[in-house]
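Here is the structure we will look at.
The values are calculated or read from the model by the stated rules, or taken from the named source; none is laboratory data. None of these values were measured; they are calculated from a predicted model. Cβ atoms come from the backbone with ideal geometry, glycine included; neighbour counts cover every protein chain shown. Surface accessibility is based on the protein's heavy atoms, side chains included, excluding ligands, DNA and RNA. Shrake-Rupley method; radii C 1.70, N 1.55, O 1.52, S 1.80 Å.
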Amino acid sequence: MSWHPKEHLCYKQTMIDLTIHIATLNGTGSLSANEILTRVLFREGFPVGSYNFFPSNIAGLPCTYTLRINSSGYISYNPEGDILINLNPKTLNKDLQNLKPSGILVTDKKNEKYLQDLSFKGTHLSLPITEAVNSLPKLPLRLKKLFRNMIYVGLVCEWLNISKDSISQTVADFFQRAGKSNDIANLNKLAINKGCELGKQNPISLLNSKDSSKSNNHLHQTMNNIQPLFSQKNSSASKKPIIKDDDGERILIDGNTAVALGALSAGCQLLSWYPITPSSSLAESFEKIANKYQKTKEGQRKFVVFQAEDELAAIHHVLGAGWAGLRAMTATSGPGLSLMAEGAGLAYFAEVPAVLCDVQRAGPSTGLPTRTQQGDLLSACFLSHGDAKHPVLIPGTVEESFSFAFKAFDLAEQTQTLVILLMDLDLGMNLHASPLFQPEKQALKRGKVLNKEDLNKRDFARYRDVDQDGVSYRALPGTAHFKAGYFTRGSGHNEKAQYTEDPKEYSFMLDKLKKKWETIKSLVPNPIIESEEDTPLAFVTFGNNENVLREVRDILKKKGIKINYMRIRSYPFSEKVGNFLKSHSHIFVVEQNREGQLKQLLNGEFPEERSKMKSILQYDGRPFFVKNVLQQLEKLTGKTQ
């Protein structure tokens, strides 16, 4: 969810865009520190975007965490940092490439020997970070390297004038959720307080500078009147990390947890999975939440989480559960998606409801397991061989991650097929602000399921197209009626589920599935369209590229260039997609893959619009950023200057 300046602007003078890069080592505790810092900024009401770049090994390699605070609510990724906090001197020269010449560099005084040849011309603060940790009382030696990270949490909080109550409550909440003792939480608070003291001793006024006329290359002298996004700070220690703006209460959550919540709200009772980054946290969140809310009074589980021996087994566990009438899902990423192709084909042809969540990462093959990309679109749409194709729901926000997960289960049972929820690492694993989720108030849509009484009244054939919409009626195993039984197979079958190699019967089944596809078109989410301006130019995208394109469009609008916008949220495409394409003559398809997969799909569905479309692509493992989009747009049009 992005903040829009028209809705949330309460900054009075200077528009501030502050980007902080934090460079550490994987496995040194920085993940906890970074999350705490993000959450405390959110609790204070700052519009903040967070981006975690971490290696795929267990420990010891460089990782970078980027925070962006923007007075207009623009929180897309920005590679150009205003502040660099470097606790990994081996990567300093490389990290400096992403720090503005006028930026602020913060290093540990302990690492001065590595900085003798430093050519950085901006503000350099060499602070006694390790010394501050060593001064903490009763701190075990094994914890000292972890607590170095809490020092920079205190530094940033002091420089941004964060209330002590917010810091204390955020730390307490974080470690309580993690199941840690109060003693651990209190030690971390002490470390953060040490960082705050360092911040006081080395002040950088990022807030409420009184005179902007005397600015020089020091960042702090150009930071005027930064105010929190929301009108009231959440500074009371008794308040929970839910804050309010004009749109109501907001939460901070990652997309994978949002999907887990949506699945459980939809009545999912079985999740079978095989661990793979970046989808593993989805399954872990599902089990954690279900353990809290999906148990009987006697403590008995009302759900099953099964770690399968591989992805092939996981998808077939889900198909077995769906065939039996249980709502079930699996979660995976690119390599696992490939392994699930056989099961996907079975779900399509045998017409078994199932949900698969693919949290995309950079491919092909093993690729970059901890980097983001949108390279699985075509694979998801046409997973398996033959003419198999699947409805794909594509959320672009954490709020949609929740609601689309819920909708996926309804759609799977309504149309008796595999539904794929297409996420990506950036949306799935990073923290995003969102309005509170609104659970569906309607009953679950179980589709055309016959009970004993229904079977008494009709002649049942499992694959008969009674309603001429391609969706047949089904009876669940165990239904106490002699008509209920049938044999489910992936081989050739007729409308009575009997094996056949008859050409007419076989082609009838394929045509019925094609008719079902037309029914699905009326049930999937429509695109988000912003088309208020009379302009021939348009951006078309999918997934979580909305933040960066909102910012790009506003920048171009100030230069007199108006570009309309459509974010596609599902496949198959609705009629609105075609109408939008027809109404524009220059269309820029923005997506995070090399081959322009969305553009390929659009070309296939709307060949008459092919000549209008040009690609803007990003596929190096990072999300889109503003300069990236503008540079490509200028090459295509020459009209961004």
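Out of all the residues in the range 96-121, which are open to solvent by 20 Å² or more (accessible area, probe 1.4 Å) and either closer than 17 Å to Asn78 by Cβ or part of a loop (DSSP other than H, G, I, E, B) (or both)?
Result: Leu96, Gln97, Asn98, Lys100, Pro101, Ser102, Gln116, Asp117, Leu118, Ser119, Phe120, Lys121.
From the residues in the range 60-95 that are surrounded by fewer than 21 Cβ atoms within 10 Å (Cβ to Cβ) and of a type in the set (Lys, Arg), which one is farthest from Gly543 (Cα to Cα)?
By that ranking, first place goes to Lys90.
Is it the case that Thr535 is of a type outside the set (A, V, I, L, M), within 32 Å of the chain's Cα centre (by Cα) and surrounded by 14 or more Cβ atoms within 10 Å (Cβ to Cβ)?
Numbers: of a type outside the set (A, V, I, L, M): yes; within 32 Å of the chain's Cα centre (by Cα): yes; surrounded by 14 or more Cβ atoms within 10 Å (Cβ to Cβ): yes.
In short, yes.
Taking Ala443 and the conditions (1) aliphatic (A, V, I, L, M); (2) closer than 25 Å to Lys512 by Cα; (3) in a loop (DSSP other than H, G, I, E, B), which numbered condition does it fall short on, given that it satisfies the others?
Going through (1) aliphatic (A, V, I, L, M); (2) closer than 25 Å to Lys512 by Cα; (3) in a loop (DSSP other than H, G, I, E, B) one by one, Ala443 breaks only (2).
Name the residues in the range 502-526 that are open to solvent by less than 20 Å² (accessible area, probe 1.4 Å) and either outside any helix (DSSP H, G or I) or among the acidic types (Asp, Glu) (or both), would you?
Val524, Pro525, listed by residue number.
Are there any pairs with C-beta distances below 6 angstrom linking a residue in the range 172-184 that is outside any loop (DSSP other than H, G, I, E, B) to a residue that is of a type in the set (Gly, Ala, Ser), with the two at least 6 apart or on different chains, and if so which?
Filtered contacts from the range 172-184: Ala172/Ala185; Phe175/Ala185.
For the range 422-444, check the following and say yes or no: at least one residue is of a type in the set (Lys, Arg), over 30 Å from Ile75 (Cβ atoms) and under 34 Å from the mean Cα position of the chain (by Cα).
yes
Please determine whether any residue of the range 422-445 is open to solvent by less than 40 Å² (accessible area, probe 1.4 Å), touching a Pro at 6+ places or on another chain (Cβ under 9 Å) and on the phi > 0 side of the Ramachandran plot.
Scanning the range 422-445 turns up no residue that is open to solvent by less than 40 Å² (accessible area, probe 1.4 Å), touching a Pro at 6+ places or on another chain (Cβ under 9 Å) and on the phi > 0 side of the Ramachandran plot.
So Leu455 fits all but one of (1) over 22 Å from Asn544 (Cβ atoms); (2) open to solvent by less than 10 Å² (accessible area, probe 1.4 Å); (3) assigned to a loop (DSSP other than H, G, I, E, B); (4) in contact with a Phe, Trp or Tyr (Cβ under 9 Å, 6 or more places away or on another chain); what number is the exception?
Only one criterion is unmet by Leu455, namely (3).
Can you work out which of the residues in the range 1-59 that are open to solvent by 40 Å² or more (accessible area, probe 1.4 Å) and in a strand (DSSP E or B) is modelled with the lowest pLDDT?
That would be Asp17.
Just the residues that are without any contact (Cβ under 8 Å) to a residue 60 or more places away in the chain and β-branched (Val, Ile, Thr), please, taken from the range 498-548.
Thr500, Ile529, Thr535, Thr541 - these are the residues of the range 498-548 that are without any contact (Cβ under 8 Å) to a residue 60 or more places away in the chain and β-branched (Val, Ile, Thr).
From the list Ser215, Ser272, Ser209, exactly one residue is over 26 Å from Ile167 (Cβ atoms), surrounded by 14 or more Cβ atoms within 10 Å (Cβ to Cβ) and at pLDDT below 85. Which is it?
Exactly one of Ser215, Ser272, Ser209 is over 26 Å from Ile167 (Cβ atoms), surrounded by 14 or more Cβ atoms within 10 Å (Cβ to Cβ) and at pLDDT below 85, namely Ser215.
Suppose we keep only residues that are in contact with a Ser or Thr (Cβ under 7 Å, 6 or more places away or on another chain) and closer than 13 Å to Leu422 by Cα within the range 320-356. Which one would you say is surrounded by the most Cβ atoms within 10 Å (Cβ to Cβ)?
Per the criteria, the residue is Ala331.
May I ask you to verify whether Lys614 is surrounded by fewer than 18 Cβ atoms within 10 Å (Cβ to Cβ) and free of Cβ contacts under 8 Å to residues at least 12 places away in the same chain?
The answer is no for Lys614.
Taking the range 560-605 as the region of interest, how many residues are under 19 Å from His390 (Cα atoms) and open to solvent by 30 Å² or more (accessible area, probe 1.4 Å)?
Final tally of qualifying residues: 6.
Restrict the check to the range 471-480 and report whether at least one residue is part of a loop (DSSP other than H, G, I, E, B), in contact with a Ser or Thr (Cβ under 8 Å, 6 or more places away or on another chain) and either at positive phi or open to solvent by 20 Å² or more (accessible area, probe 1.4 Å) (or both).
There is no residue in the range 471-480 that is part of a loop (DSSP other than H, G, I, E, B), in contact with a Ser or Thr (Cβ under 8 Å, 6 or more places away or on another chain) and either at positive phi or open to solvent by 20 Å² or more (accessible area, probe 1.4 Å) (or both).
Against the conditions (1) under 29 Å from Phe349 (Cβ atoms); (2) in contact with a Leu (Cβ under 9 Å, 6 or more places away or on another chain); (3) not β-branched (Val, Ile, Thr), where does Glu400 fall short? Just the number, please.
(1)
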